[in-house]
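The values are calculated or read from the model by the stated rules, or taken from the named source; none is laboratory data. These numbers were taken from a predicted model, which means no experiment stands behind them. As a convention, Cβ positions derive from the backbone with ideal geometry for all residues, glycine included, and neighbour counts pool all protein chains shown. Each accessible area value is taken on the protein alone, full model and side chains, heavy atoms only, with ligands, DNA and RNA left out. Shrake-Rupley method; radii C 1.70, N 1.55, O 1.52, S 1.80 Å.
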Amino acid sequence: MLKFIAWTAGLGLVGMAGGLIYDHFTPNVYESKSISSAISVNDPHPSSSAADILRQPQVQSEAAKAANGIPTAVSVSDNPSNNFVIVSVESKSPILAANYGKALLSAYQDISLKSNKQLLLTKKSSLQSQINQAHQKLVSINNQIATVKASTGILDVDSKVQQVVNYESLLGQQRDQANQDMIALTHQIQQEVGQIQGLTQSQAAKITEQANPILKAYQDTLLQLQQKKIALLQTWRRSSGPVQGVDAQINAVKREMAAAQLPQLTVQTKTTSPNPIRQTLEQEIANNQAQLASDRASVTAIGQTLASQQQQAKNLPAAQAQMINLMTEQRQAQNNYDTLSTSFNGINLTGVQGEAPTLATVLAPSASNKPVWPNQKEVLSIGLAIGLMLGAIVGYATMEREGAIQGFQPSPQAFPMPYQPLAIAGASTTAPPLPGRRSEGLVALSLPSGSPSESYRYMVYSLAAKHEDLCRSVLFTGVSSDQICSEAAAQFAIAMSQTGIRTLLADINLRNSELTDSFGFKGKSGISDMLGRTMLPVPANDLLLETSHDGLYFLPSGTEESEGLGGYHNLQIAGLIEDFQNKADVRIFNAAPCTLVADAPRLVRYMDDVCVVATTSDETRGLVEKARGILANAGAKSVDVIIVDAKRSKSSFFG
């Protein structure tokens, strides 16, 4: 844990130092900010339109030319709620940032002014063309009227003709007003009908309640009796006859009240009345419907009057009828001409749809001597965070590494008694190393003088302490090496037999018979012969061979060539393992590395304990965890690990 804290704190300081170095050597960045108000008569969102123009490459290119430089970053944002446009310019030079901000606003004004002027000229030209056409039409109608007057001898417009024209115009105005009123009334009636649907026809009036008269009589009686009791207590004791008599009367009245079960209140009146809000709405709807009917009648009457007026105009002499039509056209042409002239005269004030908004500066760009980046506090915080994170990762990895190198780690469930990590072949602990037999090899274990390491004796004692009736099957498998696995299985078997327990060591590694050869049983029948059904272990022909160690029996790998257990059925393997149940108390099986072949995973279901033997190199490459996963997925109840450092050990059995 101390190393974890040390790594975390150390790399945290390194991160802060890196932040200081970054802050010292990174060029400063300065910011110049300006705020402008966008103004436009025809644009509902002038700030958005102005911001879009400021972002155009043409505007920013003109600003860069005027400022004689390109800034590091340019940001343009807008706020539609107050129509503010905010321009932020960042540069390594504060003067360049301020100059570019000013140049950007100036370029916007120039480009928007040119654009608006061109748009105004185009709109004026279009209006002037329409005015000319309207004027020509008006002159043409006036000429026609003069021609009619001259050809018919009428010098002045006849009053009757003028009256007809004026009256038709008035009727048209009345008809239009009536139609507008009808539309408004129809909309109002629809709203009122929607409101009235949620209102009830009537509402309950105020409910008048009064006390139950019978209950009130009882209460009055109780009150009188209580007053009488109080008066008696002034001269009599509580235990006296008069007071006890009043108490009896009070209790009697209470019992009568309880037996009567009288309600506290009685309802005197409960009536309902029409809903006044609904009545008001109904009255308004009726009034509006009546007004709507009146307007419809007015429109009908106006239409009939117009039709009658037009019929009268048709019955007039031809010259008068023509004059009426010409005067109507003259009025329309004059109105059109006046409207266009008014639009043309007021275009400078009202502006043109689509013109660029005007920017009024609220906060002008200025040079600032305070950099916005790098910010020393932020840089130190970021460096510290990165350092702490890396320190935590490295510290955790170091703790995991040290925990794995400590060698065999039996779980508390496997050995209930207190235990220490076992030191196998040079592991860095206080337990004794393996005995030195470098020159003799694995064969030395088969000799009568062969002695296992104290670490394996400790494994045997721990296993025996947990199980009173020690009858178990133990599987040894490797990760990348057959040799160290065979050595570990042999040492464990010898240590077990030295406790007086009948022990069987079976070499089930059919790909590599090194363990069988080291015990001098090469060429002897064994497991491969049994699985191949060329020989069965019957009493007359038992395949178990005695060794030089008392109580230790050996089952060779066999004489038949085989590529492991892959060519045999599960029933054959299960029958083989079951056949050895009564041959020995403890059965130890030496299998090929589980990360190379699938022999060990096929056997774990029949085993009580599984032990993986690996080197420190295997642990560094992650092969130990891989082996654990393979065996766990195959059904292993628990997996113990023995770590062997063959390079550092001077007492290994291997040369």
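In a fully extended conformation the segment linking A360 and A17 would gain 118.8 nm over its present Cα-Cα distance, using 0.36 nm per residue. Each residue of the range 628-639 is assigned a 3J(HN,Hα), and the resulting list reads 4, x, 4, 6, 5, 5, 7, x, 5, 5, 8, 10 Hz, derived from the Karplus form 6.51 cos²θ - 1.76 cosθ + 1.60 (θ = phi - 60°), x at Gly and Pro.
The distance between label points at T122 and Q144 comes to 3.5 nm (points 7 Å beyond Cα on the Cα→Cβ vector).
Could you please state how large a percent of the accessible area of the range 31-105 is carbon and sulfur, counting protein chains only and using a 1.4 Å probe? Numbers along the way, then the final one.
Values: 1880 of 3600 Å².
Accessible surface attributable to carbon and sulfur in the range 31-105 totals 52 percent.
Remark: the range 5-106 carries a charge dipole of roughly 200 debye about the Cα centre, counting +1 on each Lys and Arg Cβ and -1 on each Asp and Glu Cβ.
As a quick test, which of the pairs K92/K377; K229/K254; K33/K114 have an alpha carbon distance above 23 angstrom in this structure? Can you show the working numbers first?
Details: K92/K377 20 Å; K229/K254 15 Å; K33/K114 26 Å.
Correct reply: K33/K114.
Please give the FRET efficiency for A297 paired with Q130, using the beta carbon to beta carbon distance and R0 = 35 Å, rounded to the nearest 0.05.
Values: r = 41 Å, r/R0 = 1.16.
It comes to 0.30.
Multiply the residue separation of T235 and I277 by 0.36 nm, subtract the distance between their alpha-carbon atoms, and state the gained length in nm to one decimal. So the extension gain works out to 8.4 nm. By accessible area, using a 1.4 Å probe on protein heavy atoms only, the range 464-531 has 38% of its surface on carbon and sulfur. Taking a point 7 angstrom from the Cα of S75 along the C-beta vector, which residues in the range 15-41 have backbone N less than 16 Å away? Residues 29-36 qualify, since their backbone N sits under 16 Å from the label point.
At 0.36 nm per residue, and after removing the present C-alpha to C-alpha distance, how many nm does the segment from S381 to Q227 gain when stretched out fully?
Working: separation 154, 0.36 × 154 = 55.44 nm, distance 8.45 nm.
Additional length available on full extension: 47.0 nm.
When peptides 373-386, 284-297, 579-592 are ranked by their average number of other Cβ atoms within 10 Å per residue, the highest-first order is 579-592, 373-386, 284-297. Each of T503, A488, L470 was scored by the projection of its Cα onto the charge dipole of the range 464-522, and the greatest displacement toward the positive side belongs to L470; charges sit on the C-beta of Lys, Arg, Asp and Glu. Taking a straight Cα-Cα cut-off under 12 Å and skipping sequence neighbours fewer than 8 places away in the same chain, the aspartates and glutamates within cross-link reach of K137 are E329. For E454 and T620, a Förster radius of 22 Å and the Cβ-Cβ distance give a FRET efficiency of 0.25, rounded to the nearest 0.05. Find how many whole Å separate the alpha carbon centroid of the range 553-574 from the alpha carbon centroid of the range 602-617. Centre-to-centre (Cα) distance: 18 Å. Ranking I347, I53 by solvent-accessible area of protein heavy atoms (1.4 Å probe, all protein chains present), from largest to smallest, gives I53, I347.
Hey, with R₀ at 56 Å, roughly what FRET efficiency would K114 and K3 work out to, going by the Cβ-Cβ distance, to 0.05?
Numbers: r = 72 Å, r/R0 = 1.28.
Approximately 0.20, to the nearest 0.05.
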